[in-house]
Amino acid sequence: MELFDEELCAEPWKAGICTEPPLNLPVIPEASVEIIRKATGRVFSEQKIPVLIGGDHSVSIGALHAAAEHFGPIDILQMDAHSDLRDTYQGTRFSHACVMRRAWQLGNVIQAGIRSMSRKEWEFLDACGRYPVFSRDMLADMERCTDKIAGMLTGRPLYITIDVDCMDPSVMPATGTPEPGGISWTQLLQVLRVVTGKADVIGFDVVELAPIPGIHYPEFTVARLIYRLMGYIACQPRSSGMAGLASK
């Protein structure tokens, strides 16, 4: 992967990227959340931007709690095929299917690219009166939906969580629960480009890559996505006093 970004005409790595060893996470979900919360909180305390690369989407729970502890109520943009709003799943409240339910009280949740949910998740959203920007609507009118997503930002610090299954399986087949009808690479970048220009991004994660033996382009796609988003952030003026990029 080239370190020069042809869209930004810049080399985002020059902002500073510190790659730390993978965290040693236990099988117990609650314990993993706490380890991730502490590690992410340390990065925030150093006034850097944590970037989490996860397999399971549950890694976001600890990071989001650390962000809320450090900044108070935040904006949270979730790019995902699934709403992830179950209260419990497979005997735990800290499953990948419960991520955004745990995040709901931490700030303003903005969901985009959604195209799969359970009835109970829909009933939860309906009771709250807050609905996702569905993938079908993004495919029908991307400009309007991008403006809608940007308009849902409140001006608070923004954390972005990206489940790679937000993209269509034709673009991203290497994920645990692919769903047809997803957005494209270009459409995902359009959203990220706009929100990073309007919000102070304090951190992000990219999750749910599940490599397929013999097919390596999904890994390159995710690597470029992470690097491009780092570039969008690094090229924006910052108001929070944070500087530098850190990956975990």
Could you grab me the full set of residues in the range 18-47 that are in contact (Cβ under 8 Å) with a residue 60 or more places away in the chain, among the charged types (D, E, K, R) and under 12 Å from ILE61 (Cα atoms)?
GLU30
Of all residues in the range 89-116, which are within 25 Å of PHE71 (Cα to Cα) and of a type in the set (S, T, N, Q)?
SER95, GLN105, ASN108, GLN111
Of all residues in the range 29-58, which are part of a loop (DSSP other than H, G, I, E, B) and out of contact with any Ser or Thr (no Cβ under 9 Å at 6 or more places or on another chain)?
GLU46, LYS48, GLY55
Please specify each residue of the range 11-59 satisfying the condition of being β-branched (Val, Ile, Thr), exposed (fewer than 14 other Cβ atoms within 10 Å of the Cβ) and within 19 Å of the chain's Cα centre (by Cα).
THR19
Looking at (1) touching a residue at least 24 places away in the same chain (Cβ under 8 Å); (2) within 18 Å of the chain's Cα centre (by Cα), which is the only condition THR92 fails?
(2)
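Taking the range 95-141 only, how many residues are without any contact (Cβ under 8 Å) to a residue 60 or more places away in the chain, of a type outside the set (A, V, I, L, M, F, W, C) and part of a loop (DSSP other than H, G, I, E, B)?
7
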Of LEU192, LEU245, LEU209, LEU229, which residue is surrounded by 14 or more Cβ atoms within 10 Å (Cβ to Cβ), modelled with pLDDT under 95, of a type in the set (A, V, I, L, M) and under 17 Å from ILE162 (Cβ atoms)?
LEU245
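If you go through the range 91-103 one residue at a time, do you hit one that is of a type in the set (D, E, K, R) and crowded, with 21+ Cβ neighbours inside 10 Å?
yes
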Working only within the range 59-86, note down all residues that are in contact with a Cys (Cβ under 9 Å, 6 or more places away or on another chain) and in a helix (DSSP H, G or I).
ILE61
Taking GLY181, is it outside any strand (DSSP E or B), at pLDDT 95 or above and either surrounded by fewer than 17 Cβ atoms within 10 Å (Cβ to Cβ) or among the acidic types (Asp, Glu) (or both)?
yes
Among (1) of a type outside the set (Ser, Thr, Tyr); (2) surrounded by fewer than 17 Cβ atoms within 10 Å (Cβ to Cβ); (3) at pLDDT 95 or above, which single condition is LEU106 missing?
(2)
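The values are calculated or read from the model by the stated rules, or taken from the named source; none is laboratory data. Note that the structure is predicted; figures quoted are calculated from it, not measured. Backbone-built Cβ (ideal geometry, glycine too); neighbour counts: all protein chains shown.
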